[in-house]
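Below you'll find the structure, written out as structure tokens, and then a few comments.
The numbers here are math on the coordinates, done by the rules we state, and not lab data. Just so we're clear, the structure is a prediction, and the values are computed from it rather than from any experiment. Here the Cβ positions follow ideal geometry from the backbone for every residue, glycine too, while neighbour counts run over all protein chains shown.
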Amino acid sequence: MAIKIIYFVHGTTIDNEKEISSGWFDVELSDLGVKQSIELKDKIKDKKFDVVFCSDLKRAVNSAKLTFEGIVPIIPDKRLRECNYGKFNAQSSAIVEPMQEKMITERFPEGESYEDVKARISDFLEFLKQNYDGKSVAIVAHKAPQLALDVLLRNKTWEQAFAEDWRKTKSWQPGWEYKL
């Protein structure tokens, strides 16, 4: 059997609006992010899920609750966190974003690398295989875990995942499908 995963990114945050890369900094959704998360509910009303997993950072938890609360169980999981930018958490995106593609194997100072994120996501996928075979799973999280899924489940290189990321191509959609 297979596990169907649909990946959703959290709504816009107050940091996003200020062009700050939050990383592990626990920032709130902006008014726009709240609106996006509520509107997502209607955009995906025909999709059925057995469970929703989300990052334990409040921007993802709140997005998940606004979209899925009362419909399906929501389980926060710290393995789904954004990349830990260490000293660069909550710093200007103009500084952090150019660094990201260079930190695939090298860690951010006092933080982690994208390979570290991939290891967390790989562990999470093994957990899904053991506990959710044949199920439909929603994930609400961040950029780095989604790129790690592209590397792990779509056989992309990190370079391809970064280059083809919807944030660069401006091609947001209400969920990305993966099969495990």
(message) For Val140, what residues show an amide H to amide H distance below 5 Å, using hydrogens built from the backbone and excluding near sequence neighbours?
(response) Phe8, Phe53, Cys54, Ser55
(request) Please give the contour-minus-distance gain from Trp172 to Glu17: 0.36 nm per residue of separation, less the Cα-Cα distance, rounded to one decimal in nm. (result) 54.2 nm
(request) Can you pull the one-decimal nm distance between simple spin-label points at Ser136 and Lys41, each 7 Å off the Cα toward Cβ? (result) 1.8
(request) Provide the per-residue ³J(HN,Hα) series for the stretch 131-137, in order, calculated from phi with Karplus coefficients 6.51, -1.76, 1.60 and θ = phi - 60°, each as a whole number of Hz, with x at glycine and proline positions. (result) 10, 9, 4, x, 9, 10, 10
(request) Convert each backbone phi in the stretch 21-30 into a coupling constant with the Karplus relation 6.51 cos²θ - 1.76 cosθ + 1.60 (shift: θ = phi - 60°), then list the ³J(HN,Hα) values in order as whole Hz, x for Gly and Pro. (result) 8, 5, x, 8, 5, 8, 9, 7, 5, 7
(request) Would you kindly derive the ³J(HN,Hα) couplings of the stretch 44-54 from the backbone phi angles with the Karplus curve 6.51 cos²θ - 1.76 cosθ + 1.60 (θ = phi - 60°), listing them in order in whole Hz, with x for Gly and Pro? (result) 10, 4, 7, 8, 10, 10, 7, 7, 10, 9, 9
(request) Please build a GNM for the chain, connecting alpha carbons under 10 Å apart, and tell me which residue among Gly11, Gly33, Gly70 fluctuates the most. (result) Gly70
(request) Pick out, in residue order, every one of the trypsin sites (Lys or Arg not before Pro) in the stretch 126-180 that is DSSP loop and has at most 12 other C-beta atoms within 10 Å; say none if there are none. (result) Lys170
(request) Identify which of Gln130, Gln36, Gln146 has the largest mean-square fluctuation in a Gaussian network model of the chain, with springs joining Cα atoms closer than 10 Å. (result) Gln130
(request) Within the stretch 149-177, which residues have the backbone N less than 19 Å from the label spot 7 Å out from Glu106 along Cα→beta-carbon, could you tell me? (result) 158-160, 162-163
(request) With springs connecting C-alpha atoms under 10 Å apart, model the chain as a Gaussian network and identify which of Asn16, Asn89, Asn131 has the largest mean-square fluctuation. (result) Asn131
(request) Scan around Thr13 for amide H atoms under 5 Å from its own, H built in the peptide plane at 1.01 Å from N, and keep only partners 5 or more places away or cross-chain. (result) Ser30
(message) Tell me the relative contact order for the stretch 68-111 as a rounded percent, counting alpha carbon contacts under 8 Å between residues six or more apart.
(response) 49
(request) Would you kindly calculate the mean projected area, averaged across all directions, of the convex hull enclosing the Cα atoms of the stretch 4-179, in square nanometres? (result) 9.2
(message) Roughly how far apart, in whole Å, are the Cα centres of the stretch 99-141 and the stretch 14-66?
(response) 18
(request) DSSP loop (so not H, G, I, E, B), at most 13 other Cβ within 10 Å: list which trypsin sites (Lys or Arg not before Pro) in the stretch 1-83 pass both filters. (result) Lys18, Lys45, Lys47, Lys48
(request) Please work out the FRET efficiency for the pair Glu97 and Glu69, using the Cβ-Cβ distance as r and a Förster radius of 41 Å; give the result to the nearest 0.05. (result) 0.80
(request) Assuming R0 = 25 Å, can you tell me the calculated FRET efficiency for the pair Lys87 and Ser122, based on Cβ-Cβ distance, to the nearest 0.05? (result) 0.45
(message) Can you compute the helix-only [θ] at 222 nm over the chain? Use -39500 (n - 2.57) per DSSP H run of at least 4 residues, normalise by all residues, nearest 500 deg cm²/dmol.
(response) -12000 deg cm²/dmol
